[in-house]
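Okay, so here's the structure we're looking at.
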Amino acid sequence: MPLLDVTDILLDADFADSTLEVTRNWLMTDDDGVTRVAQQSMPFTGVVMVDHSLMTQRMPPSQTISGSIQIITLERLTQGQSGRDADIVTYQGRDYRVTFVDPYLAYGAGFVLAHCELMPFDGGGADEQQR
């Protein structure tokens, strides 16, 4: 299995989602010592798999919606590092924070597997109802 190169499959339009967007936040400190956040968004392509489907947890004061996805991609996503916050991935209108990145080199050169958790949102309507 480690010698299996699935690059053609992972890049195939039948599997890969080209509508993904990554937002990166860098911490920039100027000469006066003032730190600001520089933000950059750009599209990328990857294969998205559901890790944990959306779940609502109801508690007396409020409710929380959680879920997670995994993305196999050539994009160098990060869970954060010195001077840079974790990447935010937008998938089907919802934002997910990259929490962990595994090298996925056994299945093709340059691939990573990013574990992403749903960021808090207001609930809204289900995607299926909006279409």
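Name the single residue that is farthest from Ile88 (Cα to Cα) among those in segment 18-37 being among the hydrophobic types (A, V, I, L, M, F, W, C) and at pLDDT below 90.
Across segment 18-37, the extreme among qualifying residues is Met28.
On the basis of being assigned to a loop (DSSP other than H, G, I, E, B) and either at pLDDT below 95 or not aromatic (Phe, Trp, Tyr) (or both), does Phe15 make the cut? Steps first, answer last, please.
Details: assigned to a loop (DSSP other than H, G, I, E, B): yes; either at pLDDT below 95 or not aromatic (Phe, Trp, Tyr) (or both): yes.
Considered against the rule, which asks whether it is assigned to a loop (DSSP other than H, G, I, E, B) and either at pLDDT below 95 or not aromatic (Phe, Trp, Tyr) (or both), Phe15 comes out as yes.
Do the conditions hold for Asp8, that is, is it more than 19 Å from the chain's Cα centre (by Cα), at pLDDT 90 or above, surrounded by fewer than 11 Cβ atoms within 10 Å (Cβ to Cβ) and not β-branched (Val, Ile, Thr)? Break it down stepwise before answering.
Values: more than 19 Å from the chain's Cα centre (by Cα): yes; at pLDDT 90 or above: no; surrounded by fewer than 11 Cβ atoms within 10 Å (Cβ to Cβ): yes; not β-branched (Val, Ile, Thr): yes.
Criteria not met by Asp8.
Do you know which residues across segment 39-67 are closer than 29 Å to Gly83 by Cα, modelled with pLDDT under 90 and touching a Leu at 6+ places or on another chain (Cβ under 9 Å)?
Scanning segment 39-67 gives Ser66, Gly67.
Just one of (1) part of a strand (DSSP E or B); (2) over 10 Å from the mean Cα position of the chain (by Cα) trips up Ala109, so point out which.
Of the numbered conditions (1) part of a strand (DSSP E or B); (2) over 10 Å from the mean Cα position of the chain (by Cα), the odd one out for Ala109 is (1).
The values are calculated or read from the model by the stated rules, or taken from the named source; none is laboratory data. Just so it is clear, the structure is predicted and the values come from calculations on it, not from any experiment. Here the Cβ is made from the backbone with ideal geometry for all residues, glycine too, and neighbour counts use every protein chain on show.
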